[in-house]
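The next block holds one structure in the form of structure tokens; read it before the comments.
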Amino acid sequence: AVVSTQSTGSLKQIIVIKKEGRALKDGEIPYKIVKQKILYDRWPGDDRWKDLPLYGDWQTEWYKAPTAENGIVPRNEFGNVELFKPWMLPKNSVHLDLPGSYALARRMNIDAPHAVVGFEFPRCRAVPVLSGVVVCKEYAETLRNAWVEYSAIQTQKAEDKRIKRIYDNWKLLIKSLLIKEKISNKYEGMRSATSSSKPPKGHVHKFPAKSRRKDKVTGEMVQKCSCGLVVPVGSVEEEL
């Protein structure tokens, strides 16, 4: 049969309808139900297919935001406020997009659920994007002022931590240099065969057997010439 394009319509799932700022009309049933494959099973043996209800645009209407009353903000079944469009903000409430405001509101016993503004899809999973909180108007100014003070304290703590790290790094550097200098002074008489210092003219290196000893640093046996040159035992012929 030939059907005019004006007589056709697209079917959408609930999450797509919500992202458009719309909602289902009362009493609407799915126009069609299809099977959706589950890519990741939570428990072994779960059914890898589930029913996905689809609805047409004629079954939806513009979303009507509820009203926040008595300091309580209406939320969805997951405890968040869906704020995909500006008109989805509950009446008598304010959206505060302030980092860390959710934890701060909990400490102040202020009802402030997360605001979901979209979704990301890592590894084919829908992950909500949270942006700030939604709070009743009577608590908005209080929470905003508390957040300003909290941010100033956190900024100062971060600066103090940075300065402390700088001083600790300098202490470590100075301590390392002191240890290096101490070791150099302690073993300055021990020079390797590749040392750039030259013995007196005409000097012949001799390593008596009685000069053999165990090096405290490397743990190997070394022998010493009268000029101060120290080499491992066996590297040159020694004088018996």
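The values are calculated or read from the model by the stated rules, or taken from the named source; none is laboratory data. Predicted model only: the values in this text are computed from it and were never measured. When we count neighbours, we look across all protein chains shown, and the Cβ atoms used for this are built from the backbone with ideal geometry, even at glycine. The accessibility values were calculated without ligands, DNA or RNA, using every heavy atom of the protein model including side chains. Shrake-Rupley method; radii C 1.70, N 1.55, O 1.52, S 1.80 Å.
For this structure, a couple of remarks:
- Selected residue (only one of 174, 179 is outside any loop (DSSP other than H, G, I, E, B), of a type in the set (A, V, I, L, M, F, W, C), closer than 30 Å to residue 221 by Cβ and open to solvent by 60 Å² or more (accessible area, probe 1.4 Å)): 179
- Tally of residues being more than 23 Å from residue 151 (Cβ to Cβ) and either acidic (Asp, Glu) or not in a strand (DSSP E or B) (or both) across region 100-129: 7
- Residue check for residue 143: modelled with pLDDT under 95, among the hydrophobic types (A, V, I, L, M, F, W, C), in contact with a His (Cβ under 8 Å, 6 or more places away or on another chain) and open to solvent by less than 100 Å² (accessible area, probe 1.4 Å): no
- Residues (of a type in the set (A, V, I, L, M) and loosely packed, with under 13 Cβ neighbours inside 10 Å) located in region 8-25: 15
- Residues that are open to solvent by less than 50 Å² (accessible area, probe 1.4 Å) and touching a Lys or Arg at 6+ places or on another chain (Cβ under 9 Å) within region 91-100 comprise 93, 94, 96, 98, listed in sequence order.
- Of the criteria (1) in contact (Cβ under 8 Å) with a residue 60 or more places away in the chain; (2) under 19 Å from residue 79 (Cβ atoms); (3) open to solvent by 70 Å² or more (accessible area, probe 1.4 Å), which one residue 126 fails: (3)
- Here residue 97 clears all of (1) in contact (Cβ under 8 Å) with a residue 40 or more places away in the chain; (2) under 30 Å from residue 151 (Cα atoms) except the condition numbered (1).
- Residue 74 over 30 Å from residue 155 (Cα atoms), open to solvent by 50 Å² or more (accessible area, probe 1.4 Å), modelled with pLDDT of 90 or more and not hydrophobic (A, V, I, L, M, F, W, C): no
Rundown of residues vs (1) open to solvent by 50 Å² or more (accessible area, probe 1.4 Å); (2) on the phi > 0 side of the Ramachandran plot, yes/no style:
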| residue | (1), (2) |
| --- | --- |
| 79 | no, yes |
| 86 | yes, no |
| 102 | yes, no |
| 112 | no, no |
| 138 | yes, no |
| 148 | yes, no |
| 154 | yes, no |
| 157 | yes, no |
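- Residue 63 being open to solvent by less than 50 Å² (accessible area, probe 1.4 Å), modelled with pLDDT of 90 or more and not basic (Lys, Arg): no
- Within region 1-40, the residues that satisfy the criterion of being part of a helix (DSSP H, G or I) and hydroxyl-bearing (Ser, Thr, Tyr) are 5, 7.
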